[in-house]
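The values are calculated or read from the model by the stated rules, or taken from the named source; none is laboratory data. Keep in mind that this is a model prediction, so the values were computed, not measured. Note that we place each Cβ from the backbone using ideal geometry, even for glycine, and neighbour counts take in every protein chain shown. To get the accessible areas, we keep the full protein, side chains included, count just its heavy atoms, and leave off ligands, DNA and RNA. Shrake-Rupley method; radii C 1.70, N 1.55, O 1.52, S 1.80 Å.
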Amino acid sequence: MFTIVPPFDVLTFSIPKLGFNLDPRGFNATLLNQDMDKELWPYKTRDRHAIVQWNFSYSNAGTMRGMHFQSAPYEQGKLVYVLEGHIEDGFIDLREDSTIYRQSSSVSLNSTDSNIVGIYIPPGYAHGFFAYMDSMLLYGLTNSYFPDFEECIHWSDIKWPKDITYRVQYLSKRDTIAPTLDQYLLAQSVPSL
């Protein structure tokens, strides 16, 4: 059910819709239960990985969101479900004590008629995604939203598939003018007056 993305501490997963309680009204399904798959879900027993906030997102095809994160002490892990659509989910390790500090990657997540797919990004990573098609996401956060600790680095600092650069049509102003990772880190090292 869960697959680790090496060398990152990132997990991808797929939930078969065959297990849903389907009837003429539709379906009802448990997406995550703290008692299920204990041996496969290494994060749920740790307090800093408990989900405390849920968000819903809809993105038009061609939308790039990210790279977003919250700085210490309010880092957020993200449990992202792709309910409908197809995204390229990108992440970069910002944990200074990590052996893969500043390394990035992305994975393609395509929800189908038979599966809901998703990814878990632990605290200490910047995260974003590109929508190949109109996409609906549900994501849980391991910390509440603290606007004063919200950070953003430019999405082009991530190793995306080459075609994405030419497919981006929609960006927020904040994501458009975000600093590169090097610019962000330099600004963090300069003492404030």
Original post:
Full extension from GLN103 to MET136: what is 0.36 nm times the residue separation minus their Cα-Cα distance, to one decimal in nm?
Top reply: 9.1 nm
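Taking a ≥ b ≥ c as the square roots of the Cα gyration tensor eigenvalues, with a/c under 1.5 meaning rounded and otherwise prolate when a/b beats b/c, else oblate, which class fits the stretch 102-178?
oblate
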**OP:** Would you mind classifying the stretch 44-193 by shape? Square roots of the alpha carbon gyration tensor eigenvalues, ordered a ≥ b ≥ c; an a/c under 1.5 is rounded, otherwise it is prolate if a/b is larger than b/c and oblate if not.
**Re:** oblate
**OP:** Please work out how much length the chain gains when fully extended from THR165 to SER57, using 0.36 nm per residue of separation minus the C-alpha to C-alpha distance, in nm with one decimal.
**Re:** 36.7 nm
Original post:
In what sequence, largest accessible area first, do TYR81, TYR184 appear using a 1.4 Å probe?
Top reply: TYR184, TYR81
**OP:** Would you kindly state how much longer the chain becomes between THR3 and GLU96 on full extension, computed as 0.36 nm times their sequence separation minus their alpha carbon distance, in nm to one decimal?
**Re:** 31.0 nm
Subject >> In nm, spacing of pseudo-spin labels at PHE146 and LEU186 (7 Å Cα→C-beta vector) >> reply: 2.8 nm
Subject >> Using a Förster distance of 35 Å, the FRET efficiency for LEU83-ILE177 (Cβ separation, nearest 0.05) >> reply: 0.70
**OP:** Would you tally the net charge around ALA72, using a Cβ to Cβ cut-off of less than 11 Å, leaving ALA72 out, and scoring K and R as +1, D and E as -1?
**Re:** -2
